[in-house]
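Trainee: The structure's right below; bear with me while I get my questions together.
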Amino acid sequence: MVLVAVFGVALLVAVLFSSLAARTVLSTSLLFLVGGALVSDGFLGLIHITPDSDIVAVTADLALFAVLFTDGMHVSFPKLRANWKNPARALGLGMPLAFVGMVLVTHYVVGLDWTTSFLVGAVLAPTDPVFASAIVGRKEVPAKLRQLLNVESGINDGLALPVVLVLIAAAGPTAGHAEASLGKITLELGLGLALGIILPLLVISLVRIRLLGAEPKLQPLLTLAIGITLYGLCHLTHANPYLAAFSAGAVLTAASPEARTAFEPLGEALAELAKFAALLVFGALLTPQLFGDLSIGGYVAVVLAIVLIRPASLLISLIGTRFDRREKLVAAWFGPKGFASVVYGLLVLQSGIPQGQEAYTLIAVCIAASIVAHSSTDVPIARLFHVEDLAGVPADRDAAEVPHSKEAGHARA
């Protein structure tokens with residue numbers, strides 16, 4: 001109950017300061033992160049959470065599922081087909097370059113072995129503009145820039161996951177069974193995709209039967225029921241829940257636009273709650289001991305990951321595009337590490353691999369630093385595009401010729 005009370009107080013404070021946060025470098029995400037750290041064992045000692053606590057994995061898992069489910073519901077397949085080249089560059093060239101850069105820094109600067117270094121690179125490869133909402137959620141920002149950041153972040157979580165799982169298998173006690181693990185991972189991804197497509201289509205077909213259907217006030221709960229059922233089925237069948245969530249959201253929108261419209265307010269609110277809960281719990285893990293356990297080389301790697309590796313890799317991938325210099329620099333800077341990296345980092349820690357604790361410490365500090373750096377710079381940078389009225393402006397859903405960002409439409413992260 002202490003954790004529930006702490007979350008309630010943090011939520012109240014975040015809502016009261018959300019208008020101010022939308023206009024300044026303050027961010028609600030940072031409030032929850034700092035709040036979690038303050039009430040943890042490292043400071044006030046009100047809540048006691050360790051990385052192996054069930055609540056850590058559950059909240060991060062739920063947050064990522066909820067964010068991807070609502071994110072998928074704003075994918076427009078026709079618009080995506082018409083505007084795929086720039087995101088393809090970021091995913092096909094920028095992401096691999098960032099991965100390789102992080103691997104080299106982790107091995108030569110931090111001193112981890114090659115397999116673990118590859119694992120750290122894969123965990124920190126996904127980006128998440130949930131912490132840069134003033135950029136991706138405003139129509140004043142060029143559509144092609146918003147599109148790039150949205151599509152990149154919506155897809156790279158799923159691209160990184162198989163690599164993370166295979167590397168964990170290669171680094172751990174089951175290293176000799178990597179081929180079997182690859183087959184298992186492929187099966188889980190395929191099953192997740194199948195469930196994400198079949199379940200929404202089945203429910204939509206049932207709704208269209210004359211004797212069935214939801215009354216208006218209950219229509220949002222229909223989509224919520226699909227999400228809850230899908231989450232449960234994925235964990236019961238060991239299907240990949242993240243690929244299932246994103247694909248289910250996209251299929252729902254394509255097959256039943258009215259379902260998206262009815263669910264949108266409720267879905268975004270639930271995704272926000274899940275996100276804030278995960279940030280509070282993750283913040284509770286950021287104890288002084290955690291920061292003290294990271295070596296000097298680890299801190300150098302964190303700085304390089306944020307200010308050099310991601311920016312340089314994306315700038316290279318955008319050579320020859322029609323982005324102007326300002327747009328390229330903004331796109332290169334906003335590569336925050338988010339919930340996917342939190343979930344994958346916990347998988348590394350709980351895998352029992354030889355250097356898992358060292359890898360997790362580096363990952364956790366890098367995520368925390370990224371949240372602080374990116375969520376506190378989105379408003380100042382948004383003003384470069386003449387985004388003036390940042391508080392109380394609803395996100396531009398349809399004008400974004402792109403999939404919805406993981407944060408647009410609410411108080412900025």
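The values are calculated or read from the model by the stated rules, or taken from the named source; none is laboratory data. The shown structure was predicted, so the numbers you read here are calculated from the model rather than taken from an experiment. Reconstructed Cβ throughout: ideal geometry from the backbone, glycine too, with neighbour counts over all protein chains shown. Quick note on the areas: whole protein, heavy atoms, side chains included, nothing else; ligands and nucleic acids left out. Shrake-Rupley method; radii C 1.70, N 1.55, O 1.52, S 1.80 Å.
Trainee: Calculate what fraction, in whole %, of the accessible area of the chain sits on carbon and sulfur atoms when a 1.4 Å probe is rolled over the protein chains.
Mentor: That fraction is 70 percent.
Trainee: Based on the alpha-carbon gyration tensor of segment 1-130 and its eigenvalue square roots a ≥ b ≥ c, which shape applies: rounded if a/c is under 1.5, prolate if not and a/b is larger than b/c, or oblate?
Mentor: Taking the square roots of the gyration eigenvalues as a ≥ b ≥ c, segment 1-130 is oblate.
Trainee: I would also like to ask the following. Label point 7 Å out from residue 326 along Cα-to-Cβ: which residues of segment 355-388 have amide N under 15 Å?
Mentor: 379-388
Trainee: OK, next. Where in the chain are the DSSP H helices whose C-alpha atoms run 18 Å or more along the long axis and whose mean Kyte hydropathy is at least 1.0?
Mentor: Those that clear 18 Å and a mean of 1.0 are 2-16, 54-72, 143-171, 178-207, 219-237, 241-255, 356-375.
Trainee: Additional query: Please give the FRET efficiency for residue 210 paired with residue 258, using the beta carbon to beta carbon distance and R0 = 25 Å, rounded to the nearest 0.05.
Mentor: For residue 210 and residue 258, the calculated efficiency is 0.90.
Trainee: Let me have the 222 nm mean residue ellipticity of the chain computed from DSSP H runs of 4+ only, each contributing -39500 (n - 2.57), with the sum over all residues rounded to the nearest 500.
Mentor: About -21000 deg cm²/dmol.
Trainee: Within 12 Å, Cβ to Cβ, of residue 242, how many net charges do the neighbouring residues add up to if Lys/Arg are +1 and Asp/Glu are -1?
Mentor: Neighbour charge sum, excluding residue 242 itself: -4.
Trainee: Work out which trypsin sites (Lys or Arg not before Pro) in the chain are exposed loop sites (DSSP not H, G, I, E or B, at most 11 other Cβ within 10 Å) and give the longest gap free of them.
Mentor: 1-207
Trainee: Mind putting a number on the dipole of the chain about its Cα centre? Charges go on the C-beta only, +1 for Lys and Arg and -1 for Asp and Glu, and I need it in Debye to the nearest 20.
Mentor: About 1100 debye.
Trainee: Starting from 0.36 nm per residue, how many nanometres of slack lie between residue 186 and residue 44 once their C-alpha separation is accounted for?
Mentor: This chain segment gains 46.7 nm when fully extended.
Trainee: Calculate I(q)/I(0) for segment 1-69 by the Debye formula, one identical point scatterer on each C-alpha and no solvent, and give its log10 at q = 0.17 Å⁻¹ to two decimals.
Mentor: -0.74
Trainee: Sort 333, 84 by heavy-atom solvent-accessible area, probe 1.4 angstrom, most to least.
Mentor: Result of the area sort, largest leading: 84, 333.
Trainee: Starting from the Cα-Cα distance between residue 88 and residue 198, subtract it from 0.36 nm times their residue separation and give me the gain in nm to one decimal.
Mentor: Length difference between fully extended and current span is 36.9 nm.
Trainee: Summing +1 for each Lys or Arg and -1 for each Asp or Glu, what net charge is found among the other residues whose Cβ lies under 12 Å from the Cβ of residue 349?
Mentor: Local net charge: -2.
Trainee: Determine the gain in length on full extension of the stretch residue 233-residue 1; use 0.36 nm per residue of separation and subtract their C-alpha separation, reporting nm with one decimal.
Mentor: So the chain would gain 80.6 nm between residue 233 and residue 1.
Trainee: In whole Å and largest first, what semi-axes does the C-alpha gyration tensor of segment 223-378 yield when each eigenvalue is scaled by 5 and square-rooted?
Mentor: Taking √(5λ) for each eigenvalue gives 31, 24, 15 Å, largest first.
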